[in-house]
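Each remark here refers to the structure printed beneath this line.
The values are calculated or read from the model by the stated rules, or taken from the named source; none is laboratory data. Small disclaimer: the values here were computed from a predicted structure and weren't measured. Please note: Cβ atoms are built from the backbone with ideal geometry, for glycine as well, and neighbour counts cover all protein chains shown.
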Amino acid sequence: MKIRIIVDPDLCIGAASCVTIAPETFALNDENKADVLDHGQAPDGPSYEREVEVTEDEFEKIIMGAQSCPTLAIAIIDEAGNQLYPEA
């Protein structure tokens with residue numbers, strides 16, 4: 001399945017709970033904001049939005065990482081454009 005992961009840098013406070021839960025998907029950048037990785041591959045510069053192909057297990061970890069964010073800075077969108085988290 002393909003999903004789009006979006007981090008709102010204005011909401012992100014660098015708590016890093018997403019990094020702890022899903023380190024293949026999230027990493028803190030030089031601005032102490034969460035970057036979205038593609039299976040551990042770091043972007044060139046800050047990347048707050050990325051479309052990735054994930055397995056069911058990866059999807060569950062990404063959702064848990066998003067749910068762990070204290071400021072709801074991470075949105076997960078499915079291929080059809082439906083926002084899966086946080087619920088709209």
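Being surrounded by fewer than 19 Cβ atoms within 10 Å (Cβ to Cβ), outside any helix (DSSP H, G or I) and under 12 Å from the mean Cα position of the chain (by Cα) is the filter here; which residues of segment 55-74 pass it? If the condition is that a residue be surrounded by fewer than 19 Cβ atoms within 10 Å (Cβ to Cβ), outside any helix (DSSP H, G or I) and under 12 Å from the mean Cα position of the chain (by Cα), then 68, 72 are the ones that fit.
Every residue in segment 37-87 that is at pLDDT 95 or above, farther than 16 Å from residue 22 by Cα and among the acidic types (Asp, Glu), please. Within segment 37-87, 78, 79 meet the criteria. Scanning segment 26-37 for residues that are under 10 Å from the mean Cα position of the chain (by Cα) and of a type outside the set (A, V, I, L, M) yields a count of 2.
Is there a residue in segment 17-26 that is among the aromatic types (Phe, Trp, Tyr) and either in a helix (DSSP H, G or I) or at pLDDT below 95 (or both)? No, segment 17-26 contains no residue that is among the aromatic types (Phe, Trp, Tyr) and either in a helix (DSSP H, G or I) or at pLDDT below 95 (or both).
In segment 27-44, which residues are in a loop (DSSP other than H, G, I, E, B) and in contact (Cβ under 8 Å) with a residue 24 or more places away in the chain? Passing the criteria: only 33.
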